[in-house]
Every structure is written in structure tokens, then in C-alpha cells.
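Here the structure is laid out as C-alpha cells; the discussion comes afterwards.
The values are calculated or read from the model by the stated rules, or taken from the named source; none is laboratory data. Note that the structure is predicted; figures quoted are calculated from it, not measured. Cβ sites come from the backbone with ideal geometry, for glycine too, and all protein chains shown count toward neighbours.
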Amino acid sequence: MKDYTRSYPLFSLCGLNCGLCPRHQTSGKSKCPGCGGKDFYLLHPSCAIVTCSKKHGNIEYCFLCEKFPCEEYPLENETDSFITYQNVINDMRKAKAIGIEKYQSELNEKISFLEHLIKIYNDGRKKQFYCIAVNLLTLEELYEVKKVIQSFDEKLDQKEKILKIVSLFNEKAKARNITLKIRKQ
């Protein structure tokens, strides 16, 4: 695993949006560099998906494999880890359909918005919620939320702004029957 590196570690081999993960969005020792990022092997000494990729010609993304989706990567994953797995298959299909460069561009926009939320509107307890919301909602839905945030009345205090943001995200999620929580075992 020590030699495993990737040119764009923010979208993983297996389809996770690493740049939207709380472990990537931290500044502590547990900061994850993303899939195949600098010193990735120290946090992830073994990965079955990386091993599988090596067996299939070192593909950059699972969706590029002729066997995708396969038994190594089930279509439905009922639990999450630090990051939600709810959109993994759909995100890989989207990346395949629109092209990896366009997908990376959209992901970079999401990462930028997430970093803004964490920097300006995090009360110390919202990082994971923001990571999930930005990951699961569409870019168009995020633009709508961003537009409302930009129109906030200056008289609102920080706590009120955060409550409004959480409410906006929950409304968008409810309209699509999405729950903005990590699914535990």
C-alpha cells in the first residue's frame, strides 16, 4: 500500500467523495489525505478495493472496471463510516456519464462550499452534518442554500444563522426523502 498514490485523491477509487469527509476536513493528526494521497497508507494500511484494482490493471476508479459493479462492491451499503456511502454507486455512475474531469470540477465546488460552511458556520458540532448534507444534496440544491445564506440579515446572530442553515439542509433532504445522518450498524 505504501506505493499507492493517485493524482486526484479527493474522489476515491471506490467512489467516496473523500474531500467531503470529516476526516479530510480536520487539521489534527487524524486528517486523511484522501484515497492515495500523501501518506494514505499510514491511515489505511490495507484496502481490499486497492488490492482489487491492482488485480484489474490498476484502474483509477472502480467504474472503469469491466466488472463494475461487482461482488467486491455491493450496490447497497446499509452502514456508513466517517463518511456516508449512500451516493457511492450513483456518484460513480455520474462520473462515468459526465466524465471524471467534470465530476471533479463539481466535487471541487462542493468542497469549497463545505469548507466555507465549516469555517464560518460551525459551532463545533456541525462539521459532520455539513459533510453529509453537502455530500448527499445536489450542486443545484447547494446553490439554493448558498443563495439564502448570502441574503442573511446582519441582525441575525451566529446561532440563528446556523439553525437556519441546518433547517434549509433538512428541508432539501426531506423533499428528496434523504436523512442527513450517518447510518450506524
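Miscellaneous remarks
- Evaluating Tyr41 against the criteria (1) at pLDDT 85 or above; (2) outside any loop (DSSP other than H, G, I, E, B) leaves one unmet condition, (1).
- Lone qualifier among Leu20, Leu10, Leu16 - being in contact (Cβ under 8 Å) with a residue 60 or more places away in the chain, under 15 Å from the mean Cα position of the chain (by Cα), more than 22 Å from Arg183 (Cβ to Cβ) and buried (at least 16 other Cβ atoms within 10 Å of the Cβ): Leu10
- Candidate set from region 26-37 (those that are under 19 Å from the mean Cα position of the chain (by Cα) and at pLDDT below 90); member that is farthest from Lys119 (Cα to Cα): Ser30
- Every test in (1) at pLDDT 90 or above; (2) closer than 20 Å to His24 by Cα is passed by Lys159 save one, and that test is (2).
- Entry remark, region 130-185: residues being among the β-branched types (Val, Ile, Thr), without any contact (Cβ under 8 Å) to a residue 40 or more places away in the chain and either part of a helix (DSSP H, G or I) or touching an Asp or Glu at 6+ places or on another chain (Cβ under 7 Å) (or both) number 3 in total.
- Within region 99-122, tally of residues that are of a type in the set (Val, Ile, Thr) and under 18 Å from Ile83 (Cα atoms): 2
- Residue that is modelled with the highest pLDDT, among those in region 47-103 that are among the β-branched types (Val, Ile, Thr) and not in a helix (DSSP H, G or I): Ile59
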